[in-house]
Amino acid sequence: MSELREHAKKRVEELHARGETDAYLYGAEPAGEYSPLNSFFLLKDRASVYNLPENPRRPAAHLKRNYLFSFAASLALTAVSALLLGGGERG
């Protein structure tokens, strides 16, 4: 993979020498939460033009928060259900 990455970097340098200064490698360098991505692309415009995220986010980085939210929501729904269903037996 490193050979391919080096070849791609040389290609970008060639394009810059030809005047294509907007060419760059997307995903080849660490960005935000990510180390270099397993896939990288040679782009000439913003990543969003190619339907790629401008700032990629790693879903696993937010799993703990998502699990806690789901657990809290399930407790709240259980409590509301118990109040609603338990209230019907009093009458």
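Brief remarks on what is shown
- Estimated dipole of the chain in Debye, rounded to 20 [Cβ of Lys and Arg +1, of Asp and Glu -1, Cα centre]: 300 debye
- In the context of the full set of protein chains, residues of the chain present 81 Å² of accessible surface per residue (probe radius 1.4 Å, heavy atoms only).
- Other-chain or far-sequence residues with amide H under 5 Å of residue 29's (modelled H): 37
- Volume per residue that the Cα convex hull of the chain spans, once the total is divided by residue count, Å³: 112 Å³
The values are calculated or read from the model by the stated rules, or taken from the named source; none is laboratory data. Fair warning: this is a prediction, and the values are worked out from it, not measured in the lab. Using ideal geometry, Cβ is built from the backbone for each residue, glycine included, and neighbour counts are taken over all protein chains shown. We work out accessible area using only protein heavy atoms, side chains counted, and drop any ligands, DNA or RNA first. Shrake-Rupley method; radii C 1.70, N 1.55, O 1.52, S 1.80 Å.
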